[in-house]
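J.: Sending over a structure as structure tokens; questions will come in a sec.
The values are calculated or read from the model by the stated rules, or taken from the named source; none is laboratory data. None of the values given here were measured: they were computed from a predicted structure. Quick reminder, even Gly has a Cβ in these numbers, built from the backbone with ideal geometry, and neighbours come from all protein chains shown.
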Amino acid sequence: MSIRVLLADDHPVVRSGYRRLLSLENDIDVVAECETGEAAYQWLLSNTADVVILDLSMPGRGGLDTLQRLRMRSPELAVLIFSMHEQATLVQQALDFGATGYVTKRSAPEELSHAVRMVARGTRYLSEDLRGSLEEASSDLPHRQLSQREFILFQQLAQGRSVKQLADEFNLSPKTVYNHQTNIYRKLGVDNAAQLTQYALQHGLLKSLDQRADGA
């Protein structure tokens, strides 16, 4: 029986490339494509897949929030992160959120299908360029002390999104988001939004301003 795969990435050309690559494998079937994490979550409410290939950098609530929601709803679902981000701290964060595997977008093409097979069996998989690097993800770094909700909001705030936007997006009261923001600033030792963004960029937890402008 083929492994049923859902692709979640906000770039149509990238998704098309994934689909073509995986369609060459007799035991893998791409059953759906989604351009946002929310669309992927909604699709899975009424459909099934064995593996979700999930990008971290997507519009809206983002990949980590989608990963958290999928893990809470379907603990047995295999979620393979396929991302441009290679920083050990972000890879470790994704694993902490419940990712079954993590493959970088500069990996060899054949590694994606191999990773899909591995995570479909419930085996954790890291691409070759990541192996041995997770020791860099020191628990002493300030952002490792953030809760999962705080880390998700930290990334959103670091992108320049406002408290009101996040309150609407995450169905929270502005006061709740302000409280989270206060705790994030305190834990990271920053005083304002500019310092928050600088911290995120410094630790590789956010795409650079140039990459975001290019839609990478």
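J.: I'd like to check which strands (runs of 3 or more DSSP E) are fully inside the stretch 1-71 and have at least 3 residues that are out of contact with any helix residue (DSSP H, G or I) (no Cβ under 7 Å at 6 or more places or on another chain).
T.: none
J.: Regarding the stretch 77-93, can at least one residue be identified that is assigned to a strand (DSSP E or B) and either among the polar types (S, T, N, Q) or not assigned by TED's automatic domain parsing to the domain that holds R20 (or both)?
T.: Yes.
J.: Among residues belonging to the stretch 37-61 that are of a type outside the set (A, V, I, L, M) and closer than 20 Å to Y102 by Cβ, point out the one that is farthest from the chain's Cα centre (by Cα).
T.: D50
J.: Within the stretch 12-25, can one find any residue that is of a type in the set (S, T, Y), outside the structural domain of Q159 (by TED's automatic domain parsing) and touching a Gly at 6+ places or on another chain (Cβ under 7 Å)?
T.: no
J.: When you check L146 against the structure, is it modelled with pLDDT of 85 or more, in the same structural domain as Y178 (by TED's automatic domain parsing) and surrounded by 16 or more Cβ atoms within 10 Å (Cβ to Cβ), yes or no?
T.: yes
J.: Given the condition surrounded by 23 or more Cβ atoms within 10 Å (Cβ to Cβ), modelled with pLDDT of 95 or more, closer than 19 Å to V30 by Cβ and touching a strand residue (DSSP E or B) at 6+ places or on another chain (Cβ under 6 Å), answer yes or no: does some residue in the stretch 67-78 qualify?
T.: yes
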